[in-house]
Amino acid sequence: MKRLIAVGIIVVGLSVGLSAPAFAGTRNITVTGTVSEATAVKVNGVSATVDAQGSFSAAIVLSEGDNTITAEATDAVGNKGQVSVMVNLDTVAPIINITSPTDGALFGAN
């Protein structure tokens, strides 16, 4: 008896786009990308919508600091492919202190 073993490679392309107007500090983003031969795509565990051309999108929420975004695609026979990108969310504004002159200082001739 002969066994037929199918070996497949799924190519996943991943890009990150904002689902809201582009401004610093947004936690909610839409991850978009393309995949070949996929029947299912998950982004950080969230099921993505995949169209007939292989484009996918999924809404995820970022945490403050470094975030790894991983897209995993599975085809009809169970082959898996994945790709990851690292993004950073920084919503903390810088702190500014003025040390000189002191508050209320007077300048000029007396």
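Throughout, read-outs are computed from the coordinates displayed, never taken from laboratory work. Treat the numbers as computed from the prediction; the structure is a model and nothing was measured. Quick reminder, even Gly has a Cβ in these numbers, built from the backbone with ideal geometry, and neighbours come from all protein chains shown.
Put simply, when 83-93, 40-50 are sorted by average Cβ atoms within 10 angstrom per residue, most first, you get 40-50, 83-93. Quick one: if the Förster radius is 22 Å, what FRET efficiency do ALA52 and ASN79 give, using the C-beta to C-beta distance and rounding to 0.05? For R0 = 22 Å, the calculated efficiency reads 0.65.
Per-residue extension of 0.36 nm, minus the Cα-Cα distance of ARG27 and VAL92, leaves a gain of 22.2 nm for this segment. Sequentially through the range 74-88, phi angles give Karplus couplings (6.51, -1.76, 1.60; θ = phi - 60°) of 10, 8, 4, 9, x, 5, 10, x, 8, 8, 10, 9, 10, 10, 10 Hz, Gly and Pro residues having no value and appearing as x.
Modelled spin-label separation between THR68 and ALA40, with each label point placed 7 Å from Cα along the Cα-to-Cβ direction: 2.1 nm. Taking every C-alpha pair closer than 8 Å and separated by at least 6 residues, the mean separation divided by the residue count of the range 31-75 gives a relative contact order of 47 percent. Amide H contacts under 5 Å for VAL83: ALA71, restricted to partners 5 or more places along the chain or on a different chain, H placed in the peptide plane at 1.01 Å from N.
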